[in-house]
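Okay, structure first, notes after.
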Amino acid sequence: MLGGTICAERTAIVKAVTEDMRTFTALAVTTDVASTISPCGICRQVLREFCALEMPVYLVAAGYDPSKPSEEGEGEEESDGKMVLETTLGALLPHSFGPEDLPRA
C-alpha cells in the first residue's frame, strides 16, 4: 500500500507556484510502464487547487515517441489502449471541491 508521498505532479505544481506561476494550460503525465496512468487522488486535489477543471491532461504511456509520425490509426494504440489519452482535470476529479467553494472574507 502506498502512502501520501510527494509525486511528480505535486512537485511540479508546488515548484511552479513558489516561482509565482499560477496559470496552467495543460498537464502531461508520463510513465515508464506500458499503459497510461493517471495522477493519484492527492495529486488530483492539489491540481484542482490551481488548475481549471477544463484544463487538458495528457496521460502518456511509455514507448510513446512524438517524433515518429504515425498514419491515422497506426502507432497511437498499444495492447492495453492508447499511448496518449487526453482527458480533463474535471473528468479525473468529478464533483470536486475547489477554491471557489471557500467562503470569501
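Quick notes on this structure:
- Search result, residues across segment 23-47 that are over 19 Å from ASP65 (Cβ atoms), open to solvent by 60 Å² or more (accessible area, probe 1.4 Å) and of a type in the set (A, V, I, L, M, F, W, C): ILE42
- Search result, residues across segment 34-68 that are among the hydroxyl-bearing types (Ser, Thr, Tyr) and over 18 Å from LEU89 (Cα atoms): SER35, TYR64, SER67
- Flag if GLU9 is among the charged types (D, E, K, R), in a helix (DSSP H, G or I) and at pLDDT below 95: yes
- Scanning segment 48-61 for residues that are among the hydrophobic types (A, V, I, L, M, F, W, C), open to solvent by 30 Å² or more (accessible area, probe 1.4 Å) and either part of a loop (DSSP other than H, G, I, E, B) or without any contact (Cβ under 8 Å) to a residue 12 or more places away in the chain (or both) yields a count of 2.
- Filter pass, ILE42 being of a type in the set (Val, Ile, Thr), part of a loop (DSSP other than H, G, I, E, B), modelled with pLDDT of 90 or more and in contact with a Ser or Thr (Cβ under 9 Å, 6 or more places away or on another chain): no
The values are calculated or read from the model by the stated rules, or taken from the named source; none is laboratory data. Computed from a predicted model, the values in this text were never measured in an experiment. Virtual Cβ from ideal backbone geometry, glycine too; neighbours counted across all protein chains shown. The accessibility values were calculated without ligands, DNA or RNA, using every heavy atom of the protein model including side chains. Shrake-Rupley method; radii C 1.70, N 1.55, O 1.52, S 1.80 Å.
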